[in-house]
Structure formats: C-alpha cells, structure tokens
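Step one of this worksheet: look at the structure below.
The values are calculated or read from the model by the stated rules, or taken from the named source; none is laboratory data. Keep in mind it's a predicted model, so treat the numbers as computed, not measured. Please note: Cβ atoms are built from the backbone with ideal geometry, for glycine as well, and neighbour counts cover all protein chains shown. Protein only, heavy atoms only, side chains kept; ligands, DNA and RNA dropped before computing areas. Shrake-Rupley method; radii C 1.70, N 1.55, O 1.52, S 1.80 Å.
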Amino acid sequence: MPNDDLSRTILELEQRLLQQEVRASRQHLDGLLADDFVEIGASGTVYNKASIIDALLVESHRDIAVSDFKVREMSTDQAHATYLATNSDTGAASRRSSVWRYEQGVWRLSFHRGTPT
C-alpha cells in the first residue's frame, strides 16, 4: 500500500474511533480493535480490549480534533501513527501514539497511548 494511501486509511480509522456512534457501539469497537489490543491510559492504567470497550461505552461524548498527523510504515502489515488530539470544548490536548496491524484483510488497532501535553 503506498504511503499516502496508508496515511489516509489510518487517519480515517483514527477519526472513526473518535466518533460518538463508534465509541458507543460494542460491535464497531470490536471490529476496530485487535483481540490482543493494549492501551496505556494517561493515568497509567493498562486496558485490554474488553476493558477499554466497557470504558468507552459509558464515556461522555467529547469532540476531538486531530492535528499533526503522521504515519510510519513499520512493515507491510504494521503502521505507527502519531498525532495531537485536542478537546474542542476544553482545549485540553494529548499526544497520541497508535500501532495498527493489518490482519484478515482489515486494519485493527493493536496498541494505543495518550500523553497529556
């Protein structure tokens, strides 16, 4: 996959994960997250796929803007994305890092980390 296409694809997936209708749907989240998904939250809490889905399903909606988006192709089936996520209401920002893995014909998020700025 050419890098421009890869960047566009991963950006679309990251933005999808920020949408309220996706964050409120166990089915959508299950399809976007790898079975071995791990997230290290800003508090240092480590989440697996089941625990992050449970947390997102009860989370209050936030409008998040994505900027400074970059993707680095790590292999033919892995990509690393970094970006700045800014809460549109509060202005609070965090630097995000995600590892996406191409498996069974689709990209799935396998690792995520957000660090407040």
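Remarks
- Under Karplus coefficients 6.51, -1.76 and 1.60, residue-wise ³J(HN,Hα) of region 100-117 in Hz, glycine/proline x: 10, 10, 8, 9, 6, x, 9, 7, 10, 6, 10, 8, 8, 9, x, 10, x, 9
- For Phe37, distant residues with modelled amide H under 5 Å away: Lys49
- Placing +1 on the Cβ of every Lys and Arg and -1 on the Cβ of every Asp and Glu, with nothing else charged, gives region 15-117 a dipole about its Cα centre of roughly 220 debye.
- Apportionment of accessible area to carbon and sulfur, region 41-99, percent (1.4 Å): 51 percent
- Per-residue HN-Hα couplings for region 70-75 [Karplus 6.51, -1.76, 1.60; θ = phi - 60°; Hz; x = Gly/Pro]: 9, 10, 10, 6, 8, 6
- For region 46-55, Karplus couplings with θ = phi - 60° (6.51, -1.76, 1.60), whole Hz, Gly/Pro x: 9, 10, 9, 4, 5, 6, 6, 4, 4, 5
- Taking Lys and Arg as +1 and Asp and Glu as -1, the other residues whose beta-carbon sits under 12 Å from that of Leu84 total +1.
- In the full protein context, the chain carries 56 Å² of accessible surface per residue, based on a 1.4 Å probe and ignoring ligands, DNA and RNA.
- Neighbour net charge for Thr115 - beta-carbon separation under 14 angstrom, K R +1, D E -1: +1
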